[in-house]
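*Asks:* Pasting in a structure now, in structure tokens, and then I'll have a few things to ask.
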Amino acid sequence: VNGLVYEPHMYSVPTAGSQGEMQLDTFSKWSKDWGVEIMIGEWAADAQDGTSIFIENFKDRGFGWTYYAWRPTTGRGAGNMLYESDSSPPTIYLEYVVNALQDLY
């Protein structure tokens, strides 16, 4: 079998020595050992620095990613969604993602 993608979720910002960094190291090892691609399927940070750390680590490791909530949510609480409606301005979380992408790419 080839072309497999492993899609874990992350909930800890991968700062040096953290649980998040340990998870990324493990995912990198699995990718090499098993020959699978890694795509982080869910993650979110509460501030710009955390968002930048996540995206920088994903880029450095060649991981794909998607964000926790790209669209409005109903009935589940606000969470870290990137926009609230088609007629409202972007949320601060979308600004964090855009800023990180501009800085890193």
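*Asks:* Given H placed on each backbone N at 1.01 Å, which residues far from residue 65 in sequence or on other chains put an amide H within less than 5 Å of it?
*Replies:* 40
*Asks:* For the chain, rounded, prolate or oblate, judged on the Cα gyration tensor with a ≥ b ≥ c (square roots of eigenvalues), a/c < 1.5 rounded, else prolate if a/b > b/c?
*Replies:* Since a/c reaches 1.5 and a/b is larger than b/c, the shape of the chain is classed as prolate.
*Asks:* Tell me, what ³J(HN,Hα) does each residue in region 46-51 have, in order and in whole Hz, if you take phi through Karplus 6.51 cos²θ - 1.76 cosθ + 1.60 with θ = phi - 60° and put x for Gly and Pro?
*Replies:* After applying 6.51 cos²θ - 1.76 cosθ + 1.60, I find 8, 8, 4, 4, x, 4 Hz.
*Asks:* Could you state the accessible area per residue of the chain in Å², with a 1.4 Å probe and every protein chain left in place?
*Replies:* 61 Å²
*Asks:* Next question, about the same structure. Separation between the residue 42 and residue 103 pseudo-spin-labels, each 7 Å from Cα along Cα→Cβ, expressed in nm?
*Replies:* Result: 2.6 nm between the two label points.
*Asks:* Further question: Where does the chain land at 222 nm, in deg cm²/dmol rounded to the nearest 500, when only DSSP H runs of n ≥ 4 count, each adding -39500 (n - 2.57), divided by all residues?
*Replies:* After summing the helix terms and dividing by the residues of the chain, the value is -13500 deg cm²/dmol.
*Asks:* Separate question: Test of understanding: what is the full-extension gain from residue 59 to residue 30, defined as 0.36 nm times their sequence separation minus their Cα-Cα distance?
*Replies:* Length gained, residue 59 through residue 30: 8.7 nm.
*Asks:* Give, as a single signed number, the net charge of other residues whose beta carbon lies under 11 Å from the beta carbon of residue 48, with Lys and Arg counted +1 and Asp and Glu -1.
*Replies:* For residues surrounding residue 48, the net value is -4.
*Asks:* Sticking with this structure for a sec: Would you kindly derive the ³J(HN,Hα) couplings of region 10-15 from the backbone phi angles with the Karplus curve 6.51 cos²θ - 1.76 cosθ + 1.60 (θ = phi - 60°), listing them in order in whole Hz, with x for Gly and Pro?
*Replies:* Working through the residues one at a time gives 10, 10, 10, 4, x, 7 Hz.
The values are calculated or read from the model by the stated rules, or taken from the named source; none is laboratory data. This is a predicted model, so every value here is computed, not measured. With ideal geometry, Cβ positions are generated from the backbone for all residues, glycine too; neighbour counts draw on all protein chains shown. Each accessible area value is taken on the protein alone, full model and side chains, heavy atoms only, with ligands, DNA and RNA left out. Shrake-Rupley method; radii C 1.70, N 1.55, O 1.52, S 1.80 Å.
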